[in-house]
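Every number here is computed from the coordinates shown, using simple stated rules; none is lab data. Since the structure is predicted, the reported quantities are computational estimates derived from the model, not experimental observations. Because the Cβ atoms are built from the backbone with ideal geometry, glycine has one as well, and the counts that use them run over all protein chains shown.
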Amino acid sequence: MGGRVDRRVLRPAGARPAAFGLPTEDDGSRDDPLLSDRSWAVPLYTPDLDALRASPTRIVVAVGEESLAVYTGRTAVALAKELGQEATVFPSHHGGFMGGEFGYAGQPEAFAAKLRAVLDQS
């Protein structure tokens with residue numbers, strides 16, 4: 001083996017925004033509130049389990065079937081367990097009610113059917 005190696009081949013390619021679910025026209029800025037310290041309240045929030053258990057209102061903890069393994073899905077399942085129930089699994093992901101108008105298609109018809117079934121339960 002011999003010859004010269006082109007240094008450009010050894011340089012790692014930049015991250016492709018689409019690989020992370022970001023728009024392909026990503027300008028590299030990271031000023032979205034969900035990517036900043038303004039969203040820390042979400043993972044740092046601790047629900048008042050005693051107040052939830054004492055509530056006279058029926059509480060349904062729901063999760064999208066495609067979101068079960070991600071952070072929000074795991075926390076929904078854990079909360080349901082703490083409340084002595086199983087999480088209600090809806091079709092698709094946490095945007096499962098959307099029809100793709102924003103590029104994140106769910107299963108709106110199946111979602112609506114599941115929602116009707118949940119709301120019909122006493």
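Observations, loosely collected:
- Filtered residue count, the stretch 63-77, keeping only those that are touching a residue at least 24 places away in the same chain (Cβ under 8 Å), surrounded by 17 or more Cβ atoms within 10 Å (Cβ to Cβ) and not aliphatic (A, V, I, L, M): 3
- The conditions of being out of contact with any helix residue (DSSP H, G or I) (no Cβ under 7 Å at 6 or more places or on another chain) and closer than 24 Å to P43 by Cβ are met by A76.
- For the stretch 78-120, a residue qualifies if it is polar (S, T, N, Q) and either on the phi > 0 side of the Ramachandran plot or touching a residue at least 60 places away in the same chain (Cβ under 8 Å) (or both), and exactly one does: S92.
- The stretch 37-59 residues that are within 17 Å of A80 (Cβ to Cβ), paired with ones that are among the charged types (D, E, K, R) (beta carbon under 6 Å, 6 or more apart): L49/E82
- Identity of the residue in the stretch 88-122, among the hydrophobic types (A, V, I, L, M, F, W, C) and within 15 Å of the chain's Cα centre (by Cα), that ends up surrounded by the fewest Cβ atoms within 10 Å (Cβ to Cβ): A105
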